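Below is one structure, written out as structure tokens, with a few remarks after it.
The values are calculated or read from the model by the stated rules, or taken from the named source; none is laboratory data. Given the structure is predicted, the values throughout are model-derived calculations rather than measurements. Note that we place each Cβ from the backbone using ideal geometry, even for glycine, and neighbour counts take in every protein chain shown.
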Amino acid sequence: MRKVSVGLLCLLFLVTSLSLDAAAQTRRHRSRFGRKARTAAMIAGGAAVGGLVGGKKGAAIGAGGAGTYAFNRRAARRHFSPRTRTIGATASGAALGAGVGGAVGHGRGAAAGAIVGGTGGYLYRKHKRRLPRRY
């Protein structure tokens, strides 16, 4: 009985894997979010996860990290103007720096971290802009 049930289970896995492979080639996944809403969802998700882990400072760190990623990805080039991407990257760096500075040095550390993080985000964005395009 055991051999029969194991054999049927293996056959079931084989059939489902074959049918999933054929369907994966013809179907196209469509996101629930719109173009710019996807970036907002990334930032909100980073803030939510960071807030659950580390409170207010963790939320700032999570939102800053997610914003830095979201505004410097390839898809953001198509949907945001260069000025908006620069502002977003700078604000995300400032949030990230303020969260880390607040965790380390409280009020003054948060202010210093925001200045340093904003400057770093701006310079990172400008440096990425000068890199040659990869085809």
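Only residues that are touching a residue at least 40 places away in the same chain (Cβ under 8 Å), part of a helix (DSSP H, G or I) and under 15 Å from GLY93 (Cβ atoms): list them for segment 51-77, please.
If the condition is that a residue be touching a residue at least 40 places away in the same chain (Cβ under 8 Å), part of a helix (DSSP H, G or I) and under 15 Å from GLY93 (Cβ atoms), then ALA60, ILE61, GLY64, THR68, PHE71 are the ones that fit.
Which residues, counting only those in segment 43-65, are surrounded by fewer than 19 Cβ atoms within 10 Å (Cβ to Cβ) and among the hydrophobic types (A, V, I, L, M, F, W, C)?
Once the filter is applied, which keeps residues that are surrounded by fewer than 19 Cβ atoms within 10 Å (Cβ to Cβ) and among the hydrophobic types (A, V, I, L, M, F, W, C), segment 43-65 yields ALA44, ALA48, VAL49, LEU52, VAL53.
Name the pairs whose Cβ atoms lie under 7 Å apart, with the first residue in segment 101-130 and within 18 Å of ALA59 (Cα to Cα), the second among the basic types (Lys, Arg) and surrounded by 12 or more Cβ atoms within 10 Å (Cβ to Cβ), and 6 or more positions between them or separate chains?
Pairs found: GLY102/LYS57; ALA103/LYS57.
Would you check which residues across segment 88-124 are of a type in the set (Val, Ile, Thr) and over 21 Å from the mean Cα position of the chain (by Cα) and list them?
Pass one, segment 88-124, residues of a type in the set (Val, Ile, Thr): 90, 100, 104, 115-116, 119.
Within segment 88-124, VAL104, ILE115, VAL116 meet the criteria.
Can you tell me which residue within segment 20-47, out of those that are basic (Lys, Arg) and not in a helix (DSSP H, G or I), is modelled with the lowest pLDDT?
Going through segment 20-47, the residues basic (Lys, Arg) turn out to be 27-28, 30, 32, 35-36, 38.
With not in a helix (DSSP H, G or I) added as a condition, the list becomes 27-28, 30, 32.
Working: ARG27: 59, ARG28: 64, ARG30: 66, ARG32: 67.
Filtering segment 20-47 for residues that are basic (Lys, Arg) and not in a helix (DSSP H, G or I), the one modelled with the lowest pLDDT comes out as ARG27.
Return a yes/no flag: does segment 101-111 have any residue that is within 18 Å of ARG125 (Cα to Cα), assigned to a helix (DSSP H, G or I) and in contact with a helix residue (DSSP H, G or I) (Cβ under 6 Å, 6 or more places away or on another chain). It would help to see each step written out before you state the result.
Within segment 101-111, the subset within 18 Å of ARG125 (Cα to Cα) is none.
Among the residues of segment 101-111, not one is within 18 Å of ARG125 (Cα to Cα), assigned to a helix (DSSP H, G or I) and in contact with a helix residue (DSSP H, G or I) (Cβ under 6 Å, 6 or more places away or on another chain), which makes the answer no.
Spot the failing condition for SER92; the list is (1) modelled with pLDDT under 85; (2) among the polar types (S, T, N, Q); (3) under 25 Å from THR119 (Cβ atoms), and only one is missed.
That leaves (1) as the condition not met.
What is the residue count in segment 74-86 for residues that are over 24 Å from GLY113 (Cα atoms), surrounded by fewer than 17 Cβ atoms within 10 Å (Cβ to Cβ) and touching a helix residue (DSSP H, G or I) at 6+ places or on another chain (Cβ under 9 Å)?
The number of residues fulfilling the criteria is 5.
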